[in-house]
Amino acid sequence: NAGVMQNPRHLVRRRGQEARLRCSPMKGHSHVYWYRQLPEEGLKFMVYLQKENIIDESGMPKERFSAEFPKEGPSILRIQQVVRGDSAAYFCASSPRTGSDQPQHFGDGTRLSIL
Amino acid sequence: GIQVEQSPPDLILQEGANSTLRCNFSDSVNNLQWFHQNPWGQLINLFYIPSGTKQNGRLSATTVATERYSLLYISSSQTTDSGVYFCAVSDYKLSFGAGTTVTVRA
């Protein structure tokens, strides 16, 4: 019974390139959350998605960042024209249904490094 | 948003010691989770505990929702307990505290 799967585990990009981070939720989970952990900081909410819908993107930077969770396939967090400040660990979590009374299950994260 | 405060920020323990970590939150919540982030950066889900008391091996947790705090107890600490412990509460999106960095010395 696989947990939340994120790939790649580590991603290195040069400034100006694009970064694509993938997240496959746990089986039976249709809700996905992305969080970012900047160096020496705690985790901050970025975006909450259900299949084919963005429910809350209040934590996403206004420019260069986008997220999707298509009907088929993993959720994708996309960062265009990366800058050094994007270097962070990006975690994905999933839950079976909506509601604040549902525990979220986390993947191992993707560590993004910008050269 | 909900404010989450964790204390102490840092904790140094001798192997075998017991400790208590605290999490205060600013509003009523339906979800409270404790996590351990190990030295490899992985987030390990310790407890889902919006109220009451749970135990898992040497770890236990208590949440008093009416008073808006939760406690994580580590007993007979081991070096593998080192890392950062996060408390997170939810009104569907998790708000994390700044964490308690625990160092257990052999």
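Worth a mention:
- As a summary of the residue check, residue A:41 satisfies the conditions (1) in contact with a strand residue (DSSP E or B) (Cβ under 7 Å, 6 or more places away or on another chain); (2) within 18 Å of residue B:41 (Cα to Cα); (3) within 14 Å of chain B (Cβ to nearest Cβ); (4) not hydrophobic (A, V, I, L, M, F, W, C) except for the one numbered (1).
- Checking each residue of the stretch B:69-87 against the condition of being within 13 Å of chain A (Cβ to nearest Cβ), closer than 12 Å to residue B:13 by Cα and not basic (Lys, Arg) gives no match.
- Inside the stretch A:1-55, residues that are closer than 28 Å to residue B:2 by Cα, acidic (Asp, Glu) and modelled with pLDDT of 95 or more make up a count of 0.
- All positions within the stretch A:57-72 that are away from chain B (no Cβ under 13 Å) and in contact (Cβ under 8 Å) with a residue 12 or more places away in the chain: A:64, A:65, A:66, A:67, A:68, A:69, A:70, A:71
- On the stretch given as the stretch B:28-53, residues that are more than 10 Å from chain A (Cβ to nearest Cβ) and surrounded by 15 or more Cβ atoms within 10 Å (Cβ to Cβ) total 3.
- Residue within the stretch A:17-34 that is of a type in the set (Phe, Trp, Tyr) and out of contact with any helix residue (DSSP H, G or I) (no Cβ under 9 Å at 6 or more places or on another chain) present: yes
- Among the residues of the stretch B:22-74, the ones that are in a loop (DSSP other than H, G, I, E, B) and either touching a residue at least 12 places away in the same chain (Cβ under 8 Å) or under 13 Å from the mean Cα position of the chain (by Cα) (or both) come to 12 in all.
- Taken over the stretch B:75-106, the residue count meeting the criterion of being over 15 Å from the mean Cα position of the chain (by Cα), of a type in the set (Val, Ile, Thr) and surrounded by fewer than 19 Cβ atoms within 10 Å (Cβ to Cβ) is 2.
- Tally, over the stretch A:77-115, of residues that are more than 14 Å from chain B (Cβ to nearest Cβ) and either among the polar types (S, T, N, Q) or crowded, with 16+ Cβ neighbours inside 10 Å (or both): 7
- Of all residues in the stretch A:17-30, none are within 13 Å of chain B (Cβ to nearest Cβ), surrounded by 14 or more Cβ atoms within 10 Å (Cβ to Cβ), in contact with an Asp or Glu (Cβ under 9 Å, 6 or more places away or on another chain) and in a strand (DSSP E or B).
- Filter result for residue A:13 (surrounded by 17 or more Cβ atoms within 10 Å (Cβ to Cβ), among the charged types (D, E, K, R) and more than 14 Å from the chain's Cα centre (by Cα)): yes
The values are calculated or read from the model by the stated rules, or taken from the named source; none is laboratory data. Values in this document were obtained by computation on a predicted structure and should not be read as measured data. Counting neighbours? That spans all protein chains shown, and the Cβs are built from the backbone with ideal geometry, glycine included.
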